[in-house]
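See below for the structure under consideration.
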Amino acid sequence: MTRLRAICTAVALVCASGQVFADTASHNASAESFLMMAHADKLGTPVYMQVQQMFAQRFEQTKAPEAKRAVLETYQAKANAALDQAIGWPKLKPDMVKLYTDTFTEQELKDLVKFYQSPLGKKVLEKMPAVTQQSAQITQQKLESAVPVVNKLLSDMTNELAPPKAAAPAAAPAKKP
């Protein structure tokens, strides 16, 4: 009887693990669908553009002749390859899928996909990058007025925390000739 119970338990565990695997695969697929709809595969694009711009600026700073533009393009291609190795979508995708499956249930991901397929969701996807950028600019502009105040406070705190300076020794009285 004990042996039968052990076999039944083992069969139940195998069946349950198959269901868990199926649930995980389905959950991952929902996350991937959402990430594709949200254009997460384009997350690195601003970084690539920034690096390309850095190389172009350096090219201009060196006052290299136009005949050397091929050198610039070669280094830009090498930089793109290095970025692909670090932040290309195939490198990011597994971590992004895990992040989203850890954060959202499968049903929530399906609901997000459904929302982003709606006219309003499509508008959010289209407009949100510009809105986010403008929001950052507004915040940066407002922050500029606080920078001098924060720097002064930082300086004041540093001065207050600094150990007191030792008094200079008093000058010895002059000797009479």
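In this structure, the residue pairs whose Cα-Cα separation is over 21 Å, taken from LYS42/LYS142; LYS42/LYS123; LYS42/LYS127; LYS42/LYS122, are LYS42/LYS142. Ellipsoid semi-axes for segment 91-136, based on the Cα gyration tensor and the rule √(5λ), read 22, 17, 9 Å when sorted largest first. Rounded to the nearest whole Hz, the Karplus-based 3J(HN,Hα) values (6.51 cos²θ - 1.76 cosθ + 1.60, θ = phi - 60°) of segment 74-83 follow the sequence 5, 5, 5, 5, 5, 5, 4, 5, 5, 5, with x at glycine and proline.
Near GLU108: Cβ cut-off under 14 Å, other residues only, Lys/Arg at +1 and Asp/Glu at -1. The net charge is -1. Charge tally around PRO148: other residues with Cβ under 15 Å, Lys/Arg +1 each, Asp/Glu -1 each, net 0. One chain, two ends: GLN53 and LYS165. Fully extended at 0.36 nm per residue, the span grows by 35.5 nm beyond their Cα-Cα distance. Candidate cross-link partners of LYS68 among the aspartates and glutamates, defined by an alpha-carbon separation under 12 Å and a same-chain spacing of 8 or more, comprise GLU60. Computed over segment 62-177, the percent of Cα pairs more than 24 Å apart is 72.
Here, each number is a calculation from the coordinates, and none is a lab measurement. Not measured: the values here are computed from a predicted model. All Cβ positions, glycine included, derive from the backbone under ideal geometry; neighbour counts span all protein chains shown.
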